[in-house]
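The values are calculated or read from the model by the stated rules, or taken from the named source; none is laboratory data. No experiment lies behind these values; they were computed from the predicted model shown. Counting neighbours? That spans all protein chains shown, and the Cβs are built from the backbone with ideal geometry, glycine included. To get the accessible areas, we keep the full protein, side chains included, count just its heavy atoms, and leave off ligands, DNA and RNA. Shrake-Rupley method; radii C 1.70, N 1.55, O 1.52, S 1.80 Å.
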Amino acid sequence: MSYSEAALDLLEKGQLDDFKKQFALALRHDDDDTLYGLAEELYSLGFINQSKRIYENLLKKYPDEDELRTNLADILVGEDKTDEALLLLNEIKPDSSAYVQSLMVAADLYQTQELFEVSEQKLLKALELAPDETVIRFALAELYFTMREFAKSIPLYMQIIEAGNLTFSAVNIVERVGVAYANEGRFEQAVGYLEQVHSGEMTPDVKFELGFTYLQLKDTKKAIETLSELQESDSQYTSLYPYLGQAYEAENQNDEALKVLQEGLAVDEYNEKLWLQAAKTALKLDDEDLAKQYLDKGRQLDPEDLEIAIQLSNLFVKQEKWQDNIDLVSSYLDQEKVDPQLYWNLAVSYNHLENLDKAQEAYENAQPFFMDQKDFLKPAVYFFRKVGQMEMAFTLLKKYLELVPEDDEMNLLLEDFQQMGF
């Protein structure tokens, strides 16, 4: 038995101190081929420093062996010593037998630096030089997956499956295809692949994607079943709660939806969007006090969130809390882009408080955005007529009657305008 074999045997037995002694003997006495094999084994076992030491020693003896350079560069990339790794890789010329491997190591290096386009170029070149190498195709597919360029990743993964590999490098390729299709919005294709993943390989991420995909396909019962299983197995998986809540709402089970969202908030209390969703669900249950409480929580977390502000403004208008609404909305009017719904709500509030100048200004700001909304147009007609803006009132009246031609009240008003010469 060589010293290298003895060292590996000691590692397997967990005798680390004896391993270190045997490793030192291997460095002094074993031949270079045996040491190279030892370096590969140690690398695979996670003993990177010892593996690196062997490669460095061998490279000094065999400076023309580019495979040693790629192995050593790969270790340096893992140690975040990118400059040293690049120096080694740049020494490898295109006519070297290790050139393709050097391109892959370089691609990994650039990916760690988030230079994805450079990484892509390296892998495309490697695939051009070695088109039959599945490992290159897999690396490129994974890069595209990381870049969220799922349309590019799918055909590469499919080629790996067609070559007979359902898993590669401990990655479930069927799962990857399903997730990629889901992210592309191609849910019919996605569910076909995700359902093929065996229960033992169904990670929380895959189960979430499957539940999400069922929801997009409006198969809400399966969405509830899948996401509930995920909640039971991993209650800390916070992404599941909004979608499980949506699924229950789609089944008109608003009580269950609110319960799920409250459970989600117990896990993720700093998620303002979850507070917002819980508020909307509370409103469906006619619990305005709870909705107000949740909206206030969400607004505390993110005062700039316009959707929360709009929901709170809508609630104030519904409750006829005109001054509360004005105070709220006024704090958002200095933003570069104001949501027109806020102008509408502001107009209604000022009108009820008989501040007609402010109401008119708000109505005029809102009007261009709601010419197809009968609920806006009808009260706006009466408002502009009240303040003497007859041309505007007549314009809005005609638009309203295009939408609701059967409204007798507004048809009588149209006759009044026509008698006035409009």
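Overall shape of the chain was characterised from the C-alpha gyration tensor. The equivalent ellipsoid obtained from it has semi-axes of 66, 25, 22 Å, in decreasing order.
Over all pairs of different C-alpha atoms in region 109-158, the reciprocal of the mean inverse distance, the Kirkwood hydrodynamic radius, equals 10.7 Å. Over the residues of the chain, the helix contribution to mean residue ellipticity at 222 nm works out to -23000 deg cm²/dmol, using -39500 (n - 2.57) for each DSSP H run of at least 4. State the answer as a single residue: which of GLN323, LEU230, PRO131 lies farthest towards the positive end of the charge dipole of the chain, with beta carbon charges of +1 for Lys and Arg and -1 for Asp and Glu, about the Cα centre. The Cα lying farthest towards the positive end belongs to GLN323. The convex hull of the Cα atoms of region 248-294, projected and averaged over all directions, covers 2.9 nm². With no solvent and one equal point scatterer per Cα, compute the Debye intensity ratio I(q)/I(0) for region 284-392 at 0.16, 0.17, 0.18, 0.22 Å⁻¹ and report its log10, rounded to two decimals. At q = 0.16, 0.17, 0.18, 0.22 Å⁻¹ the computed log10 ratios are -0.72, -0.81, -0.89, -1.22.
At q = 0.10 Å⁻¹ the log10 of I(q)/I(0) for region 47-143 amounts to -0.25, computed by Debye summation with a single uniform scatterer per C-alpha, solvent ignored. Helix 390-403 and the longest principal axis of the C-alpha atoms of the chain enclose an angle of approximately 60°. How would you classify region 185-328 from its alpha-carbon gyration tensor, with a ≥ b ≥ c the square roots of the eigenvalues: rounded for a/c under 1.5, else prolate if a/b is greater than b/c, otherwise oblate? Because a/c hits 1.5 or more and a/b exceeds b/c, region 185-328 counts as prolate. In this simple spin-label model, placing a label point 7 Å from the Cα along the Cα-to-Cβ direction at both GLN373 and GLN319 gives a separation of 2.1 nm. The GluC sites (Glu not before Pro) of region 278-381 meeting both criteria, a DSSP state outside H, G, I, E and B (loop) and at most 11 other C-beta atoms within 10 angstrom of the site's C-beta, are GLU304, GLU320, GLU336, GLU354. Each residue, GLU232 and ALA151, gets one label point 7 Å from its Cα in the Cβ direction; the gap between the two is 4.0 nm. Annotation: per residue accessible area for region 241-334 equals 49 Å², rounded to a whole number [probe 1.4 Å, protein chains only].
Taking the charge dipole of region 80-169 about its Cα centre, with +1 at Lys and Arg Cβ atoms and -1 at Asp and Glu Cβ atoms, the residue from LEU143, ALA85, SER119 reaching farthest to the positive side is LEU143. With a cut-off of 19 Å on the backbone N, the residues of region 180-200 near the modelled label site 7 Å out from MET158 along Cα-Cβ are 180-197. Counting only protein heavy atoms, what percent of the accessible surface of the chain is carbon or sulfur at a 1.4 Å probe? Solvent-exposed carbon and sulfur of the chain make up 45 percent of the total. Region 1-60 and region 295-321 have Cα centres separated by 65 Å. The largest accessible area among ARG148, ARG299 belongs to the first residue in ARG148, ARG299, and the rest follow in falling order (1.4 Å probe, all chains). On a per residue basis, region 96-180 carries 47 Å² of accessible surface, using protein heavy atoms and a 1.4 Å probe. Extension gain for LEU87 to ASP416 (0.36 nm times residue separation, less C-alpha to C-alpha distance): 109.8 nm.
Of the residues GLN419, ALA362, GLN373, the one whose Cα sits farthest toward the positive end of the charge dipole of region 360-422, with +1 on the Cβ of Lys and Arg and -1 on the Cβ of Asp and Glu, is ALA362.
For region 221-299, the list of chymotrypsin sites (Phe, Trp or Tyr not before Pro) that fall in a loop by DSSP and count at most 11 other C-beta atoms within 10 angstrom reads TYR270. Between GLN113 and VAL404, the simple spin-label model (points 7 angstrom out along Cα→Cβ) gives 6.4 nm. Considering only TYR181, TYR62, TYR214, the mean-square fluctuation computed in a Gaussian network model of the chain, springs between alpha carbons under 10 angstrom, is largest for TYR62. Suppose R0 equals 45 Å; then what is the FRET efficiency for ASP289 and GLU12 from their Cβ-Cβ distance, rounded to the nearest 0.05? The value I calculate is 0.10.
ASP408 contributes an accessible area of around 110 Å² to the protein surface, as traced by a 1.4 Å probe with all chains present.
Against the main long axis of the alpha-carbon atoms of the chain, helix 306-318 sits at an angle near 30°. Only Lys, Arg, Asp and Glu carry charge here, each on its Cβ (+1 for the first two, -1 for the last two); on that basis the chain has a dipole of about 360 debye about its Cα centre. Straight-line cross-link reach from LYS152 at under 14 Å between alpha-carbon atoms covers these aspartates and glutamates, not counting any fewer than eight positions away in the same chain: GLU117, GLU120, GLU142, GLU184. Listed cross-link partners LYS318/LYS374; LYS221/LYS280; LYS20/LYS122 are compared with a 27 Å cut-off, the Cα-Cα value being larger for LYS20/LYS122. Which pairs, out of LYS297/LYS337; LYS21/LYS61; LYS297/LYS398; LYS337/LYS398, put more than 31 Å between their alpha-carbon atoms? Among LYS297/LYS337; LYS21/LYS61; LYS297/LYS398; LYS337/LYS398, the Cα-Cα distance tops 31 Å for LYS297/LYS398. A DSSP coil position with no more than 16 other Cβ atoms inside 10 Å describes the following GluC sites (Glu not before Pro) in region 215-273: GLU251, GLU269.
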